[in-house]
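In what follows, a structure is listed as structure tokens, so that the remarks can point back to it.
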Amino acid sequence: MDQEDGNHDETGAGARVADVLIPVAVDMAYSYSVPAGLVLNEGDVVRVPLGARETTGVVWALRSGQGGNLKRVGARVDCAPLSERMRRLVDWIAWYTLNPLGSALSLALRAPEPDARPERVRLGVRLAGPPPIRMTPARARAIAAAEGGLLIARSALSDMASVSAAVIDALVDEGTFVVEPLPVADAAERPDPDHLRPALSDGQRSAAGQLAALFGERQFAAALLEGVTGSGKTEVYFEAVADAVRQGRQCLILMPEIALTAQFIDRFTARFGVPPGLWHSGVSGRRRDRLHAAVASGEALVVAGARSALFLPFRDLALIVVDEEHEAAYKQEDGASYHARDMAIVRARFEKAGVILASATPSVESRVNAERGRYLHVRLEQRFGGRTLPDLKAIDLTREAAPRGRWISPLLETEVRRNLEAGEQSLLFLNRRGYAPLTLCRTCGHRFQCPNCSTWLVDHRFRRALVCHHCGHIERRPEACPNCASVDSLTPCGPGVERLAEEVATLFPEARTIVLSSDFPGGTERLKQELQAVAEGAFQIVIGTQLVAKGHNFPGMTLVGVIDADIGLTSGDPRAAERTFQVLQQVTGRAGRGDRPGRALLQTFQPRHPVIKALLSGDPETFYRAEIASREAAGLPPFGRLAALIVSAAERTDAERHARDLARCAEAPAGVMVLGPAEAPIALLRGRHRMRLLVKTERNVDLQAYLRAWLKRGPKPRGSIRVMVDVDPQSFF
Ligand code: ADP
Ligand code: ZN
Ligand code: ZN
């Protein structure tokens, strides 16, 4: 263990009071006395009494003092302590996000429950000795099944031979079988950096060379790896991963949709001979425990994971890759809110590690950081293998509208038909789940609204229900209007992917079609298989939400039709332009990744909107230059700082009053502006009324200090009132 860790220094010798941080939403550590004979160090995971129960916490500080009235630390939990670097990271997150320290700890603490049975070493048996003196039919079966000398789990052998465990045990006693521990599955299989090195293109080789030079020293360094869709960024960052692995050092690859990316795992396995350690919510608790331990011991060299993998206890972290760094999914919005991309940078600083942010459509923040030289800007200008970027065209819906009640314009219909005849795949992209975003009564105008939220209920025909996408409220679609009792007067308004699928079935009844959205029945595993099937060409028309826009490689896909390119452009959200640009660039980038060139058609009512024009121009610089200039002029991030305060309460008047009182005690020193309160765009969410305040400051202002002082001065939330702080807000609902 290196010097900085300090876990096993005797810093705690003689100290009798332990300040223990508990992973709950509380901003301080609790003090406990340390019983004589218990040797503790800072970072140790311990059991402590809390109220009537016992809980797990981490020793945050040790000091001498009178522990007389304090409750006592129960016991030390037998697991890896939280290193000094991890504790500083937790402190930093709490400071930066204004989350309670305990909430920040909950991100990093994964202690096995002490009463949970520790994982037993599983034993297997192997045929090794002479046959037993007394042979029975059962024994003969067991021996026959174990023929070949392989190590077999005892239970598997008893199944195979239809014998009881007692028969096997008797054969062990006789010396016919020997018992050996079964190898622990995959958590720490060592990647081979030279397993299959691809021949890199000149551009890739140059990019990999720049990264290798940047990460030569054991110090923090960051690069933005920007390359158009299909340019081969993955192979480039694999080179950097291989470099680290060669030195026996660890790497973390963060991916926004790791649970869905079978292709990525396959590519990694082809390149390195073994799959990476996988960390996401779909992986079983036991496997995660194993990986956690292997990461702490340094055995697991490469982990690919969701944003929570950022808090794994790496022993010697050399590199963090943030793939698709622009993805909004990297921002965690509930509980402790943090942005995984930004946190990757912070963690890498603490670990003196390197960071690669990879994207075809970088966030404006990362773009500016690269332009200012904070990150090395490494670029891949062309698609790999001489493939061209798709040819982009707008379909002006003011002239070329779809027929009434339909969403596919005649022009797009013709192109899809052409593709079908040519045996090529098409993707129709519509970022709306369900059948219709709104249901209306034609007789009285009644609209179906969520009882808990100020949102419309979305018609889901497959599920025969109306659903709120914000709180999950679900109700049956009635036969008659609940307001005027008219029968057959309920009409769906606007399209969702299910409705689009209906239209496609009418237009192209012969086509093999699939709808892919997060509503896909059968869960993540099925979805992953279907995405694979799409890649293998099993469907001719794919209808999908943003789920299909990201990262996937569909070699046979040559046409992308964007049904409504204007979704998102009209919201007042300061990130609307950036988001729309990114998602459209990504989805159109699904076309033409194979041998045949691709094309994309954007249906829009605003063909002259700057975002649409920038997309059509094929030159992302147009977009970035305009967007960066407008952010700079408005003092928006990254040129200024932003924090949102969301005040919510069960009663609207409480939320309003509290937000107003809070605004009243806001100071406005130079460089700080407080906007609001204003009713939130979603004014009612999960039964809570919401008001928003926005703090905008110049870059050099200590935003955190300002917010802390303000909240301290301000009224204390009482009753049902809550104040949520969102530093660097990404969404503004
Ligand atoms: P990006 O992540 O930049 O969109 P990918 O890394 O997915 O691009 O690469 C696009 C395609 O090109 C993939 O099918 C990949 O397997 C292939 N490819 C990239 N680099 C190489 C290489 N050096 N040799 C062979 N195939 C490559
Ligand atoms: Zn009605
Ligand atoms: Zn709702």
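The values are calculated or read from the model by the stated rules, or taken from the named source; none is laboratory data. Quick caveat: nothing in here was measured; it's all calculated off a predicted structure. Here the Cβ is made from the backbone with ideal geometry for all residues, glycine too, and neighbour counts use every protein chain on show. Side chains are part of the model used for accessible areas, which takes the heavy atoms of the whole protein and leaves out ligands, DNA and RNA. Shrake-Rupley method; radii C 1.70, N 1.55, O 1.52, S 1.80 Å.
Select from region 464-487 the residues that are within 11 Å of ligand 2 (Cβ to nearest atom) and open to solvent by 90 Å² or more (accessible area, probe 1.4 Å) and write down the one among them that is farthest from Ala683 (Cα to Cα). By that ranking, first place goes to Val487. The number of residues in region 226-259 being open to solvent by 10 Å² or more (accessible area, probe 1.4 Å), part of a helix (DSSP H, G or I) and either more than 13 Å from Asp323 (Cα to Cα) or not assigned by TED's automatic domain parsing to the domain that holds Ala296 (or both) comes to 5.
Screening Ile628, Ile612 for residues that are more than 25 Å from Thr414 (Cα to Cα) and not acidic (Asp, Glu) leaves exactly one candidate, Ile628. The sole residue among Ala240, Ala262 that is closer than 17 Å to Ala318 by Cβ, more than 16 Å from ligand 2 (Cβ to nearest atom) and under 24 Å from the mean Cα position of the chain (by Cα) is Ala240. When region 488-542 is limited to residues that are part of a strand (DSSP E or B) and surrounded by 16 or more Cβ atoms within 10 Å (Cβ to Cβ), the one that is farthest from the chain's Cα centre (by Cα) turns out to be Leu490. Pairs meeting the criteria (first residue in region 161-172 and loosely packed, with under 14 Cβ neighbours inside 10 Å, second residue modelled with pLDDT under 85, beta carbons under 6 Å, at least 6 apart or on different chains) are Ala165/Ser158. Of Arg477, Arg442, Arg499, Arg464, all but one fail to be outside the structural domain of Arg688 (by TED's automatic domain parsing) and closer than 18 Å to Arg406 by Cα; the exception is Arg499. Kindly list, by first and then second residue, each pair from a residue in region 592-604 that is free of Cβ contacts under 8 Å to residues at least 40 places away in the same chain to a residue that is part of a strand (DSSP E or B) and of a type in the set (Asp, Glu), limited to pairs with Cβ atoms under 9 Å and residues at least 6 apart or on different chains. Between residues of region 592-604 that are free of Cβ contacts under 8 Å to residues at least 40 places away in the same chain and residues that are part of a strand (DSSP E or B) and of a type in the set (Asp, Glu), there is no close pair.
Would you confirm whether any residue within region 497-508 is within 22 Å of Leu412 (Cα to Cα) and within 16 Å of ligand 1 (Cβ to nearest atom)? Looking through region 497-508, none of the residues is within 22 Å of Leu412 (Cα to Cα) and within 16 Å of ligand 1 (Cβ to nearest atom). Considering region 178-225, and only residues there that are exposed (fewer than 14 other Cβ atoms within 10 Å of the Cβ), among the small types (Gly, Ala, Ser) and assigned to a loop (DSSP other than H, G, I, E, B), the residue that is modelled with the lowest pLDDT turns out to be Ala185. For region 682-733, what are the residues that are in a loop (DSSP other than H, G, I, E, B), open to solvent by less than 50 Å² (accessible area, probe 1.4 Å) and farther than 22 Å from His339 by Cα? Gly687, Gly714, Pro715, Ser720, Ile721, listed by residue number.
Among the residues examined, Gly568 does not qualify as more than 21 Å from His609 (Cα to Cα) and part of a loop (DSSP other than H, G, I, E, B).
Just one of the listed residues (Ala262, Ala300, Ala270, Ala296) is within 20 Å of Leu547 (Cβ to Cβ) and not polar (S, T, N, Q), namely Ala262. Annotation: of all residues in region 331-341 being of a type outside the set (A, V, I, L, M), modelled with pLDDT under 95 and not in a strand (DSSP E or B), the one that is nearest to Thr97 (Cα to Cα) is Ser337. With respect to Ala262, is the statement that it is farther than 14 Å from Ala348 by Cα and open to solvent by 10 Å² or more (accessible area, probe 1.4 Å) true? In short, yes. What about Arg461, is it surrounded by fewer than 17 Cβ atoms within 10 Å (Cβ to Cβ), closer than 27 Å to Ser486 by Cβ and more than 16 Å from ligand 3 (Cβ to nearest atom)? Criteria met by Arg461.
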